Amino acid sequence: MLYVKAPAKINLTLDVLHKRNDGFHEVEMIMTTVDLADRIKLENREDGEILIATTDQFVPNDQRNFAYQAAQLLQTKYGVKQGVTITIEKEIPIAAGLAGGSSDAAATLRGLNTLWKLNLSLDRLAELGAQIGSDVSFCVYGGTALATGRGEKIQEIAAPPSCWVVLAKPKIGVSTAEIYGGLQIDQVKHPNTQAMLEAIDNDDYEGMCQNLGNALEQVTFHLYPEVVSLKEQIKRFGADAVLMSGSGPTVYGLVDTELRVSRIVNGLRGFCDEVYAVRLVGERNLLD
Ligand SMILES: C[C@@](CO)(OP(=O)(O)O)[C@H](O)COP(=O)(O)OP(=O)(O)OC[C@H]1O[C@@H](n2ccc(N)nc2=O)[C@H](O)[C@@H]1O
Ligand SMILES: Nc1ncnc2c1ncn2[C@@H]1O[C@H](COP(=O)(O)OP(=O)(O)O)[C@@H](O)[C@H]1O
């Protein structure tokens with residue numbers, strides 16, 4: 001039996017460059033891990049079955065679960081005869097832009113690599129992860145990275161300046177496919193990825209705050225105006241900078257003092273039920 005942690009990610013930048021012939025979009029994103037994590041228990045089964053148990057009734061408990069797909073991929077690629085019971089204690093909100101499902105898949109890949117003694121490299125696990133979803137490769141490594149391609153090409157970068165992150169998720173679930181589908185490529189507002197890379201490199205908190213940017217905001221904001229109001233609230237209650245993560249609808253605020261974190265969290269009471277005060281993890285492997 002083995003426990004693995006599956007942390008959420010946020011996007012510090014998300015740029016969309018163009019639409020590809022395979023239907024995906026070419027992206028350039030800076031992603032970083034935060035210390036809000038699902039907990040996954042992996043227990044060997046001699047009957048070869050893959051079973052999913054989850055604490056959240058809205059998470060699928062069959063082949064649709066990305067953790068199931070991760071286990072099945074390892075079984076078929078490497079002729080594994082064992083099965084596994086995967087118990088997912090869900091902490092990361094679902095369909096939120098925080099890569100919860102992708103991180104569960106990545107943690108399952110890492111965990112089963114150990115439990116089933118497969119001895120695969122992280123690079124190989126990340127390659128396999130890309131077959132499940134574009135965000136899984138990043139989640140295999142965690143830490144902070146520049147992700148390109150459809151999101152699966154990962155280049156590790158330094159950890160961003162340490163700070164608090166207030167995450168707020170409105171009561172709506174967003175479909176990533178719908179948001180990419182609504183994007184008009186000639187109207188994209190491109191973030192300055194280079195400036196963000198420089199800010200991170202220089203451990204420059206203000207520079208990081210000034211250069212947050214997400215090309216998908218305009219689509220999600222148009223479809224769900226409540227996300228715009230939430231972003232305004234977080235800013236008004238004192239965050240240094242605010243951005244939507246991924247395709248949304250979660251919005252996060254960066255703050256560098258604990259006192260202001262509680263002010264924002266208290267201020268959001270009544271506007272938003274799902275609020276989390278977390279920290280950037282930034283570096284790889286701090287959570288396992
Ligand atoms: C927007 C981002 C940013 O990190 O994250 P989330 O909001 O999901 O957390 C990712 O690009 C999401 O990655 P992920 O959620 O793994 O997406 P996938 O399952 O691979 O794709 C779901 C659908 O989104 C669209 N898609 C996804 C990635 C991409 N580069 N271009 C796309 O057009 C496609 O329509 C695809 O069918
Ligand atoms: N382990 C899982 N946890 C959460 N959602 C999952 C999981 N496996 C599959 N899903 C499906 O993935 C969809 C996207 O969820 P999630 O990964 O939480 O969001 P996002 O892609 O916005 O980061 C959900 O609607 C759900 O049906």
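The values are calculated or read from the model by the stated rules, or taken from the named source; none is laboratory data. If you're wondering where the values come from, they're calculated on a predicted model, not measured in any experiment. A quick note on method: Cβ atoms are made from the backbone with ideal geometry, for glycine too, and the neighbour counts reach across all protein chains shown.
See the values below:
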read-out	value
Matching residues in region 206-237 - criterion: being among the hydroxyl-bearing types (Ser, Thr, Tyr) and touching a helix residue (DSSP H, G or I) at 6+ places or on another chain (Cβ under 8 Å)	Thr220
Residue among Asp22, Asp38, Asp15 that alone is at pLDDT 95 or above, part of a loop (DSSP other than H, G, I, E, B) and either more than 10 Å from ligand 2 (Cβ to nearest atom) or buried (at least 22 other Cβ atoms within 10 Å of the Cβ) (or both)	Asp22
Val219 at pLDDT below 95, buried (at least 17 other Cβ atoms within 10 Å of the Cβ) and of a type in the set (Val, Ile, Thr)	no
Index of the failed condition, Thr32 passing every other in (1) of a type in the set (Ser, Thr, Tyr); (2) away from ligand 2 (no atom under 16 Å from the Cβ); (3) under 15 Å from the mean Cα position of the chain (by Cα)	(2)
Residue check for Glu49: more than 30 Å from Ala195 (Cα to Cα) and in contact (Cβ under 8 Å) with a residue 40 or more places away in the chain	no
Members of region 170-225 found to be in a helix (DSSP H, G or I), within 16 Å of ligand 2 (Cβ to nearest atom) and of a type in the set (Ser, Thr, Tyr), listed by number	Thr176, Tyr180, Thr220
Answer from Ile52, Ile92, Ile132 - the residue that is more than 25 Å from Thr220 (Cα to Cα), surrounded by 17 or more Cβ atoms within 10 Å (Cβ to Cβ) and in contact with a helix residue (DSSP H, G or I) (Cβ under 8 Å, 6 or more places away or on another chain)	Ile52
The listed residue being within 16 Å of Ala96 (Cβ to Cβ) and either over 15 Å from the mean Cα position of the chain (by Cα) or in contact (Cβ under 8 Å) with a residue 24 or more places away in the chain (or both), out of Glu152, Glu178	Glu178
Where Lys235 falls short, out of the listed (1) touching a residue at least 40 places away in the same chain (Cβ under 8 Å); (2) in contact with a strand residue (DSSP E or B) (Cβ under 7 Å, 6 or more places away or on another chain); (3) not hydrophobic (A, V, I, L, M, F, W, C); (4) not in a loop (DSSP other than H, G, I, E, B)	(1)
Among residues of region 221-246, those that are under 17 Å from the mean Cα position of the chain (by Cα) and within 14 Å of ligand 1 (Cβ to nearest atom), counted	4
Qualifying helices (runs of 4 or more DSSP H) (wholly inside region 89-153; at least 1 residues being within 11 Å of ligand 2 (Cβ to nearest atom) and closer than 21 Å to Val281 by Cα)	100-115, 136-141
One residue from Glu232, Glu258, Glu226 being farther than 15 Å from Leu167 by Cβ, modelled with pLDDT under 95, of a type in the set (D, E, K, R) and not assigned by TED's automatic domain parsing to the domain that holds Gly100	Glu258
Condition met for Ala71 (away from ligand 1 (no atom under 14 Å from the Cβ), small (Gly, Ala, Ser), assigned to a strand (DSSP E or B) and in contact (Cβ under 8 Å) with a residue 40 or more places away in the chain)	no
